[in-house]
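All remarks here apply to the structure that follows.
Rule-based calculations on the coordinates, nothing more; no lab input. Computed from a predicted structure; not experimentally measured. With ideal geometry, Cβ positions are generated from the backbone for all residues, glycine too; neighbour counts draw on all protein chains shown.
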2 protein chains.
Amino acid sequence: MRVIVDAYGGDNAPLEVVKGAVDARAEYGFDIVLTGNEEEIRRIAEEHKLSLSGIEIVHTTDVISMNDIPKTILREHKDCSMAVGLRLLAEGGADAFVSAGSTGALLMGATFIVKRIKGVSRPALAAIIPSDKGPFMLLDSGANLDCRPEMLFQFARMGSLYMSLVMKNGEPATVGLLNVGTEEHKGSDLQHETYALLKESDMPFVGNVEARDVPAGAADVIVADGFSGNVLLKTLEGTVGMLLGYIKQIFYTNLCTKIAALFIKPHLSGLKQKLSTEEHGGAPLLGVAKPVIKAHGNAKARAIKNAIRVAAEFSRVGVIEKITDSVKGE
Amino acid sequence: MRVIVDAYGGDNAPLEVVKGAVDARAEYGFDIVLTGNEEEIRRIAEEHKLSLSGIEIVHTTDVISMNDIPKTILREHKDCSMAVGLRLLAEGGADAFVSAGSTGALLMGATFIVKRIKGVSRPALAAIIPSDKGPFMLLDSGANLDCRPEMLFQFARMGSLYMSLVMKNGEPATVGLLNVGTEEHKGSDLQHETYALLKESDMPFVGNVEARDVPAGAADVIVADGFSGNVLLKTLEGTVGMLLGYIKQIFYTNLCTKIAALFIKPHLSGLKQKLSTEEHGGAPLLGVAKPVIKAHGNAKARAIKNAIRVAAEFSRVGVIEKITDSVKGE
């Protein structure tokens, strides 16, 4: 198993990315390819006593930032660490690719350098969200703001295959359609037509799902247009942040609450970890011809290591082949 | 001040609605008109020792339920408690109307019985959401799933006037546009065109707002199409419910956490109240020619009482007149 990692993607690059790659090498034994400034990476590794054995470095000095317009990855920044990694993946130089860099650039680069699976109309950004019933997938979560019913149907197919193979040991993954109510007639044309397609399909479709029921894990795969998917994902993040902030304030109210907090806090850390996306490593880009994982922009070593593990799993279980077959049959 | 209340709307009707109306009468001295089954209301009042003095009852036996198709309020259910109340409002029999019944039926009834303000293309359902920075308004929150830029612009205008007059003592109310990123170029055509309209207007426009920043109160008014507004509102509700559930679980972990919980719980109740929509009484229907407030379906007496107070305030400060003038000028 050989995984390429964009060493210069994300807020904590390159140090945390290099650490995560070194940890993944040690824990899983994968061959790792880092793209980025070789001299700097070697210096950082030496400074932090990180062993680069089993890790190859493909040297490049350019970096695409969050402020760069995504399409510049194809021209002005075609030799940035992300583009170089994607090209290497496209050429068959590895099994999977991980980046914590700009989502827009990664989508653009993956679509035009690695290319889409034949028959897939648009790749989707598939967020993996933790819940009490286990992680579930929300797609699209921001790549495709305007969607047609056929696109949502394809998202459902791809998401269902991914969740079944990567997250559920081949058990079927249920699909729900994000909507403003659970009744079949709810929503707009997009929802009506997608509902009809999903109902006719062989996927385990649980029907319309209200946003209220999504955080608790209403289905393994929640299908939405990228605008409302993005709104859902970010509202969830913002609400969790706000509430944990309020609870911290409560702890500081007086001496009694401060003492009480000592007994509650360890469990609250457990809760924070439960709700953290770190464990699941990042969001797969579904519909791209090779496994690409978008790690969170603020990913630290642990999240990068997990993203590498998930990217390898993505490749190992053959999701792309299954998507290719399923799209062909439609 | 005379407020009509649909005594048979909502999950806890008629008892809680009647209680709320009686409390509002006692606390604010408004004249109250209850629509619904007079015999039953009088019996309930007697059973629970509620004084109906100052409260008029307009007798009707039909009720429109959550399962009825909204448009039946105009024909099959034209004599339900909600329709009778709306007709009385339209005819000038009172200053404002409150119902905790079916949102769809209320929108349909308000639009066709009370009618729209001249020049308003579509009334919006404007949720009032508590935050650390005070309550803010999210509109549309589910009435208009497909929106045009001019509609969102009108929502902004109406919401801004309402928040300024009813919630901020005439201070200007800021407006933000729900989007997938804060940069001006983010979003789809709907957001681009609405952004341009808002930027050119005299409203205090804070630009695009990400869903992540909405729960903490990023602006006094958040403008969105009804689909994504509904997704935001319900994700917020679902996430708060899920997290408070987790925290309850933590309290029950062991003896230490149970004791600690005794000190934390009173503050947590305060937090729950802070996040509760009860205090703000319900969602105004903006764009309708008279003040109509949709109380939450599960509203109890306290929420109904507050909804009546807000409905009266809605009438007293002359929001409808201001909206009428502002729409005329466009």
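For B:LEU74, place a label point 7 Å out from Cα along the Cα→Cβ vector, do the same in each other copy, and report the separations in nm, one decimal, smallest first.
Values, ascending and in nm: 4.8.
Need one number: nm distance between label points at A:GLN249 and A:LEU74, each 7 Å from Cα along Cα→Cβ, rounded to one decimal.
4.7
Using the scaling law 2.2 N^0.38 Å as the reference, what is the normalised Cα Rg of the protein assembly as shown?
1.05
Taking the inverse of the average 1/r across all pairs of different Cα atoms in segment B:135-178, what Kirkwood radius in Å do you get?
On the way: mean 1/r = 0.0912 Å⁻¹.
Kirkwood hydrodynamic radius for segment B:135-178: 11.0 Å.
From the label point of B:GLY92, set 7 Å along Cα to the beta carbon, how far off in nm is each other copy's matching point, shortest first?
In nanometres, ordered from closest: 8.5.
Once R0 is set to 22 Å, what does the formula 1/(1 + (r/R0)^6) return for the Cβ-Cβ distance between B:HIS192 and B:SER121, expressed as a FRET efficiency to the nearest 0.05? Display every interim value, and only then the final one.
Numbers: r = 19 Å, r/R0 = 0.89.
Step by step, r from the Cβ atoms, then E = 0.65.
Principal axis lengths of segment B:94-165 from Cα atoms, whole Å, largest first?
Taking max minus min along each principal axis of the Cα atoms, segment B:94-165 gives 37, 29, 23 Å.
Run the simple label-point estimate for B:ARG2 and A:GLU27 please: 7 Å along Cα→C-beta, distance reported in nm.
Result for the modelled spin labels: 7.1 nm.
Would you kindly work out the equivalent ellipsoid of segment B:73-212 from its C-alpha gyration tensor and give its semi-axes, the square roots of five times the eigenvalues, largest first in whole Å?
31, 17, 14
Grab the alpha carbons of segment A:42-117, take their convex hull, and tell me the volume per residue in Å³.
Details: hull volume 7.9 nm³, N = 76.
So the per-residue hull volume is 104 Å³.
Output needed: percent of Cα pairs per 10 Å distance bin for segment B:91-136, bins running from 0 to the one holding the longest distance.
With a bin width of 10 Å, the distribution comes to 20, 43, 29, 8, 0.
Mind listing the long-range amide H neighbours of B:VAL5? Cut-off is under 5 Å, sequence gap 5 or more, other chains count too, H placed in the peptide plane at 1.01 Å from N.
Excluding prolines and chain starts, which carry no amide H, the hits are B:VAL33, B:LEU34, B:THR35, B:VAL98.
Based on the alpha carbon coordinates of segment A:195-247, what radius of gyration and maximum Cα-Cα distance (Dmax) apply, in Å?
13.9, 46
With 10 angstrom as the radius, rank B:TYR246, B:TYR8 by how many other C-beta atoms surround their C-beta, starting from the fewest.
B:TYR246, B:TYR8
Would you pull out the residues with amide H under 5 Å of B:ILE117's amide H, same chain only if 5 or more places away, H placed 1.01 Å from N?
The list, which skips near neighbours in sequence, is B:VAL288, B:ALA289.
Can you tell me what percent of all Cα-Cα pairs in segment A:173-328 are more than 27 Å apart?
I get 42 percent for the Cα pairs in segment A:173-328 exceeding 27 Å.
Viscosity 1.567 mPa s, temperature 4 °C: what is the translational diffusion coefficient of chain A from Stokes-Einstein with a Kirkwood Rh over Cα pairs, rounded to a whole number of µm²/s?
It comes out at roughly 63 µm²/s.
Taking 25 Å as R0, compute the FRET efficiency from the Cβ-Cβ separation of A:LYS168 and A:LYS199 and round it to 0.05.
0.65
Using only Cα atoms, what is the ratio of the radius of gyration of segment B:12-65 to 2.2 N^0.38 Å?
Scaled against compact globular proteins, the figure is 1.05.
For segment A:279-296, just list the computed ³J(HN,Hα) in residue order, Karplus coefficients 6.51, -1.76 and 1.60, θ = phi - 60°, integers in Hz, with x standing in for Gly and Pro.
5, 9, x, x, 9, x, 8, 8, x, 7, 6, 9, x, 10, 10, 8, 7, 4
Extent of segment B:159-244 along each principal axis, from alpha carbon coordinates, in Å, largest to smallest?
The principal-axis extents, from largest down, are 41, 35, 19 Å.
Any idea what diffusion coefficient segment B:244-323 gets from Stokes-Einstein, in µm²/s, Kirkwood Rh on alpha carbon pairs, 10 °C, 1.306 mPa s?
Using the Kirkwood radius from Cα pairs, D works out to 105 µm²/s.
Could you work out the mean count of beta carbons from other protein chains within 10 Å of each residue's beta carbon in A:144-153? List each step's numbers first, then the result.
Details: counts 1, 8, 3, 0, 0, 0, 0, 0, 0, 0.
Mean partner shielding for this stretch: 1.
Would you compute, from DSSP H runs of 4+ residues alone, the mean residue ellipticity of the protein assembly as shown at 222 nm, taking -39500 (n - 2.57) per run and dividing by the full residue count, rounded to the nearest 500?
-13500 deg cm²/dmol
Apply the Karplus parameterisation 6.51 cos²θ - 1.76 cosθ + 1.60, with θ equal to phi minus 60°, to every residue of segment A:299-314 and state each ³J(HN,Hα) to the nearest whole Hz, in sequence, with x for glycine and proline.
4, 9, 3, 4, 5, 5, 4, 5, 5, 5, 4, 5, 4, 5, 5, 3
Using Stokes-Einstein with the Kirkwood hydrodynamic radius over Cα pairs, what translational diffusion coefficient do you get for segment B:126-205 at 25 °C and a viscosity of 0.890 mPa s, in µm²/s rounded to a whole number?
Calculated translational D: 186 µm²/s.
Cα convex hull of segment B:1-135: how many Å³ per residue?
137
Could you check the spin-label model distance between B:THR61 and A:LYS49? Points 7 Å from the Cα along Cα→Cβ, value in nm.
A separation of 8.7 nm, rounded to one decimal place.
Could you give me the ³J(HN,Hα) list for segment B:112-117, computed from phi with Karplus coefficients 6.51, -1.76, 1.60 and θ = phi - 60°, whole Hz, x at Gly and Pro?
Per residue, the Karplus-derived 3J(HN,Hα) values read 9, 9, 7, 6, 7, 5 Hz.
Using only atoms on other chains, find how many Cβ atoms lie within 10 Å of each Cβ of peptide A:255-263 and report the average.
Whole-number average of other-chain Cβ neighbours for A:255-263 is 5.
Ranking A:LEU232, A:LEU244 by Cβ neighbours within 10 Å, fewest first, what do you get?
The fewest-first ordering by Cβ neighbours comes to A:LEU244, A:LEU232.
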